[in-house]
Amino acid sequence: MKRREFITLLGGTAAAWPIPAPAQQTRVRRIGWLVTGEPVSYRFSLAAFRDGLRSLNYIEGRNIEIIYKWAEGDLTRLPKLASDLVQERVDIILAGGTFGARAAKNASAAIPIVAAGAGDLVEAGLVNALAAPGGNLTGFSANIPEAGAKRLQMMKELVMPARRAGILFSQSLELETVKGSVSALEVALRFYETRTMKDLDAALISIHNDRPDMVVVLNDPFMFTHRKRIIEAMSAERLPAIYGFREYVDDGGLISYGPSISDTYRRAAGYVDRILKGEKPADLPVQAPVKYELIINLKTAKALSLEVPPMLLARADEVIE
């Protein structure tokens, strides 16, 4: 075979070979992050959510993008932030707490929403039922009404003698269980209800004047959002106070007992995965907390001249020293 004929044949054969198709690029899914606080106060929740996503092979910058919206404690900003996420055409919204969930739900009836660290979503009118939410929203609750009474009992162990307790609350489902525990604990209760910042300031002034032996802060979104203001007031008054979530203790509070909000964010990543793969929020039940934690801040106890009983320390999930 002549050289020219060989080259012609080789060229014709090469032309017949299939040309490899370009590698198909993975679509980057966009997750909207909508919370009431700022990065520092939500650092544990965000770390847990990212950890949950990583365990399901979602990596920021590779196959997901998280669009962050922080209300920084100003609840009036939430509707605008939620609308911004809708305009940015996110695939799904991770909403922090009941306030975040409501803002996201009001902004869109189409974009799937997963709430984390939420209160009673049925009571809030955001889902039809826990088992069958309906609509475009589901999530993970951090609401356990019985925990309020348990916190009051713990404070009786910590503060001795304790005859008068102040109960600081907004719209908490824990209120009735706390009232029901009074006779067994033999402690007089004074209730301080707040729904606005003006109410909160007035309540803190009343606590200053009344000087209870201890304060129990009940779980609800308003208290959680304004926890730094509450912690600062308790510190200034040198009043021992117990809270429902570890975030209070991380911010300088004395002690907390209740569901782990961070765990609800970690578990929320699983629902995000399932929805992105085609399941509907309407078919995913709202789930209750499964992890509880007792956190004690010994630095704060020392500042209050309180000695934490060894039995209480032994039961703690974490002690901050």
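What follows draws every value from the coordinates through simple rules; no lab data is involved. Because the structure is a prediction, the values reported are computed rather than measured. Cβ placement follows ideal geometry from the backbone for every residue including glycine, while neighbour counts extend to all protein chains displayed.
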Partner aspartates and glutamates whose C-alpha sits under 20 Å from that of Lys280, ignoring same-chain residues fewer than 8 away, are Asp91
Listed with the fewest Cβ neighbours within 10 Å leading, Leu56, Leu126 appear as Leu56, Leu126
Residue-ordered couplings for the range 203-213, obtained by feeding phi - 60° into the Karplus form 6.51 cos²θ - 1.76 cosθ + 1.60 and rounding to whole Hz (Gly and Pro as x), are 5, 5, 5, 5, 4, 4, 6, 7, 6, x, 6
Per-residue Cβ contact counts at 10 Å, fewest first, order Ser170, Ser256 as Ser170, Ser256
Once both label points are put 7 Å beyond Cα along the C-beta direction, the Arg190-Ala316 separation in nm becomes 2.8 nm
P(r) over all Cα-Cα pairs of the range 201-269, 5 Å bins from 0 to the longest distance, whole percent per bin, short to long, reads 3, 16, 28, 24, 15, 6, 4, 2, 1, 0
In this structure, the FRET efficiency calculated for Gln287 and Arg211 from their beta-carbon separation, with R0 = 45 Å, to the nearest 0.05, is 0.65
So, for the Cα atoms of the range 132-282, Rg and Dmax in Å stand at 17.3, 57
For the range 157-245, the convex hull over Cα atoms projects on average to an area in nm² of 5.4 nm²
extent check for the range 56-133: Cα max minus min per principal axis, descending, whole Å, gives 38, 30, 21
Residues whose modelled amide H sits under 5 Å from the amide H of Thr194, counting only those 5 or more places away in sequence or on another chain, are Phe169, Ser170
Counting sequence-distant residues (5 or more places) and residues on other chains, those with an amide H built under 5 Å from that of Gly139 are Ala115, Val286, Gln287
Note to self, the chain gives a 222 nm [θ] from helices alone (DSSP H runs n ≥ 4, -39500 (n - 2.57) apiece, / all residues, nearest 500) of -12000 deg cm²/dmol
With the range 261-321 reduced to its Cα atoms and the Debye formula applied, log10 I(q)/I(0) at q = 0.16 1/Å amounts to -0.65
Residue-ordered couplings for the range 55-66, obtained by feeding phi - 60° into the Karplus form 6.51 cos²θ - 1.76 cosθ + 1.60 and rounding to whole Hz (Gly and Pro as x), are 5, 9, 6, 9, 10, 4, x, 10, 10, 9, 10, 9
